[in-house]
1. Looking only at the range 117-126, which residues are open to solvent by less than 50 Å² (accessible area, probe 1.4 Å), hydrophobic (A, V, I, L, M, F, W, C) and closer than 16 Å to residue 148 by Cα?
2. Of the conditions (1) under 24 Å from residue 106 (Cβ atoms); (2) open to solvent by 60 Å² or more (accessible area, probe 1.4 Å), residue 197 fails just one. Which one is it?
3. Quick check on residue 387: is it under 21 Å from the mean Cα position of the chain (by Cα) and over 28 Å from residue 333 (Cβ atoms)?
4. Could you list, in sequence order, the residues of the range 370-379 that are more than 10 Å from residue 331 (Cβ to Cβ) and open to solvent by less than 20 Å² (accessible area, probe 1.4 Å)?
5. Exactly one of these conditions fails for residue 177: (1) in contact (Cβ under 8 Å) with a residue 24 or more places away in the chain; (2) farther than 20 Å from residue 153 by Cα; (3) open to solvent by 30 Å² or more (accessible area, probe 1.4 Å). Give me its number.
6. I'd like to verify a number: residues in the range 78-103 that are over 16 Å from residue 249 (Cα atoms) and of a type outside the set (D, E, K, R), how many?
7. For the range 345-369, enumerate the residues that are of a type in the set (A, V, I, L, M) and open to solvent by less than 80 Å² (accessible area, probe 1.4 Å).
8. Give the residue, chosen from 206, 142, 159, 230, that is open to solvent by less than 10 Å² (accessible area, probe 1.4 Å), under 30 Å from residue 93 (Cα atoms) and either part of a helix (DSSP H, G or I) or among the polar types (S, T, N, Q) (or both).
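The values are calculated or read from the model by the stated rules, or taken from the named source; none is laboratory data. This structure is a prediction, so every number in the text was calculated from the model and none was measured. Cβ: placed from backbone, ideal geometry, glycine included. Neighbour counts: every protein chain shown. With ligands, DNA and RNA removed, areas are computed over all heavy atoms of the protein, side chains included. Shrake-Rupley method; radii C 1.70, N 1.55, O 1.52, S 1.80 Å.
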Amino acid sequence: MDTQSATAPPAGVSARLRALLGGSSEASVTKRLAGTIFVIRVFSAALAYFSQILLARWMGGSDYGVYVYVWTWVLLLGSMMDFGISASAQKIIPEYRTRGEHALLRGFLSGSRWMTFAVSSIVSLLLAGVVKGLSPWIDGNAIVPLYIGCLTLPAFVVANTQDGIARSHDWMRLGLMPQFIVRQSLMIGLTAGAFVLGFNLGATAAMWASAAAVWVAMISQMIVLNRKLAGHIESGPRAYDFRGWLAVSLPILMVESFYLLLSYTDVLVLQQFRSSEEVGVYFAVVKTLALVSFIHYAMAATTAHRFAEYNAQGDKARLSAYVAHAIQWTFWPSLAATILLLALGKPLLWLFGPQFVVGYDIMFIAAIGLLVRAAIGPVERLLNMLGHQHICALAYALAFVMNLVLCVVLVPRFGGHGAAAATSIALAFETVLLFWIVRRRLGLHVLAFGKR
């Protein structure tokens, strides 16, 4: 990765830091971009946590519960309604660029957004019809917020698509900041303004503020993205391969969907068998350990399009070196973050309330699965970018089924400890499967340690 020059390497911590932050090699660029993504995600998590505290205090328990219920549906459905285009953009764009297929590239940059907007708008209308049909059985206070949620979905989906396009050009701040920083800030500002002006800040008003924040952030991102693309891509004819885009994207959507299910299974099952207090403690543990997951997310978001680019160029040596680099910079920072979080676990949980400290030992069980998963880095993105989406989706599906079965077996007896154990076992199983698949299909050793 970092080819040694004829001159001696920089000595001293400050010199090494300057080389890392200012270097132009692939390794330096990757670390810098991944660091940018990590900082944005951590800051956005703190911002989101702060906004939830404010909303809960301003709205009251009942309205806040309705808002969380509706917003959760927006997050889950919005993450899947782009049909995987946001992720497949990091495969399609580098391949078009490498092969010189500029007409198809121009067509994808505009057509992918129009396609996801049109489809998500149609689905949103159908969902609004479902809400109307089920209105006799839905809490009356949730009906209008659900309609507003349907109105929010198209903008949310297009923003995800633009995120994938921006990341494919290494424009990480443009891809992430509108969704994670600008949107959160607008939501806080709009709801705070309504509260100060004396409006009744219920679930409906909060959803209107959230919908406005999503649309404003998406449109602002679109304006900036179009300007940058105009200066980066020459104008010319456009070609559209909708069928080819979906052929690549839908298997990736399956991977992302099973990953979402794998991520939420423990909490959902825990809600069915244990008290709300225990669910709250477990959720606090998961949120505290989220820092480890952000590292994996940062490297995956930074490296995916480069996997596709090097594979399209047929440069296997470069691809292998870059994969090894990505794995190293996923596992070792994850290990350091895990040690730090476990050391500070009790005071961090105490911030949620003194009663949450009882979940401290659950942190050690949950951390095992995250560390095992980090040991192979973002190999699921590697498989997706190199055309092995189907086998990757199968691995995630098997891990989800295992997690669900283990949760149902362990949670009724062991509660949060059982949920953490089930998830860690499922993540370990998923890691072994992905390691074996990459070894057999690509011939790569995707482990942070051991013989290569």
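1. Matches in the range 117-126: 123 only.
2. (1)
3. yes
4. Within the range 370-379, 378, 379 qualify.
5. (2)
6. Of the residues in that region, 4 qualify.
7. Answer for the range 345-369, where residues must be of a type in the set (A, V, I, L, M) and open to solvent by less than 80 Å² (accessible area, probe 1.4 Å): 348, 349, 357, 362, 363, 365, 366, 367.
8. 159
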